[in-house]
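Some notes on the structure that comes next.
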Amino acid sequence: MNSLFELATEKVTIISGPYGSGKTNIAVNLAMDIAKNGEICRIADLDIVNPYFRSADNAKMLKEIGVHTMIPEFANTNVDIPSLPPDYQLLFTGDGKSVADVGGDADGAAVLGLSHDDYVEAGYKMYFVYNRYRYVTVRHEDALEVLKAIERASGLTFHGIINNSNLGEETTEEVVLKAIPYAEEFAKLANIPLLLTTIPDWLDIEGAVKIKDVTKKLF
């Protein structure tokens with residue numbers, strides 16, 4: 001694949017993976033790509049468990065480029081109550097395409113299980129974000145257990161793996177290239193195709209997809 005946009009083949013594209021993998025950054029970049037390709041797009045922040053990396057933080061920027069944001073009622077407030085976006089059903093019934101940013105463990109993915117039939121009826125593709133340099137995915141067995149836990153909790157199936165191995169601002173070409181064989185090994189173990197490798201937009205690596213660092217950390 002040559003772009004994130006090519007992932008959005010169904011009504012709903014679900015992006016999930018271990019915390020710290022960069023899944024939210026992938027989800028936001030995907031929503032941006034869909035909008036830039038002239039399609040109506042909405043992104044739903046369904047990461048209702050983890051308060052650190054959320055697509056809700058990017059709501060203003062996304063609205064400016066035409067992406068409708070669906071965020072929990074209490075996102076970016078001091079109220080710590082897990083909740084779904086009030087317009088959640090538009091994920092399935094609204095015009096255009098939808099992106100769902102989902103928590104990276106069984107608890108976070110449980111929200112998918114609650115709407116399992118809606119995802120199946122609307123049509124979905126779910127992708128697992130892999131980052132070799134995060135402690136959860138250092139061992140393939142641990143990463144696979146996270147993947148399987150998400151599938152069990154949601155009742156849905158992963159259709160592909162996105163290799164997003166990076167070290168933030170310290171990411172170099174060598175950092176990316178060293179991680180690719182590990183991503184390939186993990187994909188083989190999981191029996192799920194490795195679809196693409198993403199890189200920061202300041203790098204140039206043949207065959208990799210450039211993405212912007214558009215997420216921030218909440219402290």
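The values are calculated or read from the model by the stated rules, or taken from the named source; none is laboratory data. Worth saying up front: this structure is predicted, and the values here are computed from it rather than measured. Here the Cβ positions follow ideal geometry from the backbone for every residue, glycine too, while neighbour counts run over all protein chains shown.
For the stretch 181-192, the criterion of a residue being within 27 Å of V67 (Cβ to Cβ), at pLDDT 95 or above and either under 16 Å from the mean Cα position of the chain (by Cα) or not small (G, A, S) (or both) is satisfied by no position.
Residues in the stretch 144-156 that are under 20 Å from V12 (Cβ atoms) and small (G, A, S) were compared, and the one that is surrounded by the fewest Cβ atoms within 10 Å (Cβ to Cβ) is G155. With respect to the conditions (1) under 18 Å from the mean Cα position of the chain (by Cα); (2) in contact (Cβ under 8 Å) with a residue 24 or more places away in the chain, K148 lacks only one, and its number is (2). Listed by first and then second residue, the pairs with beta-carbon distance under 7 Å, at least 6 apart or on different chains, first residue in the stretch 5-17 and touching a residue at least 60 places away in the same chain (Cβ under 8 Å), second part of a strand (DSSP E or B) and polar (S, T, N, Q), are L7/T13; K11/S98; V12/S98. Identify, please: which residue in the stretch 19-39 is under 10 Å from the mean Cα position of the chain (by Cα) and of a type outside the set (A, V, I, L, M, F, W, C) and is, among those, farthest from I65 (Cα to Cα)? Ranking the candidates gives S21 first. Would you pick out the residues in the stretch 17-72 that are under 20 Å from R134 (Cβ atoms), modelled with pLDDT under 85, assigned to a helix (DSSP H, G or I) and in contact with a helix residue (DSSP H, G or I) (Cβ under 8 Å, 6 or more places away or on another chain)? Scanning the stretch 17-72 gives a single hit, S55. Tell me whether the stretch 132-143 contains one or more residues that are of a type in the set (A, V, I, L, M) and buried (at least 17 other Cβ atoms within 10 Å of the Cβ). Scanning the stretch 132-143, I find at least one residue that is of a type in the set (A, V, I, L, M) and buried (at least 17 other Cβ atoms within 10 Å of the Cβ), so the answer is yes.
For every residue, the table says whether it meets (1) surrounded by 14 or more Cβ atoms within 10 Å (Cβ to Cβ); (2) within 21 Å of N25 (Cβ to Cβ); (3) modelled with pLDDT of 90 or more.
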position: F74; (1), (2), (3): yes, no, no
position: V79; (1), (2), (3): no, no, no
position: L84; (1), (2), (3): yes, no, no
position: D87; (1), (2), (3): yes, no, no
position: F92; (1), (2), (3): yes, no, yes
position: K97; (1), (2), (3): yes, yes, yes
position: G103; (1), (2), (3): yes, yes, no
position: G108; (1), (2), (3): yes, yes, no
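Selection of first residues in the stretch 47-75 that are farther than 14 Å from T215 by Cβ and small (G, A, S) and of second residues that are surrounded by fewer than 15 Cβ atoms within 10 Å (Cβ to Cβ) and modelled with pLDDT of 85 or more, restricted to Cβ pairs under 9 Å at least 6 apart or on distinct chains, gives the following pairs, ordered by first then second residue: G66/K36; G66/I40.
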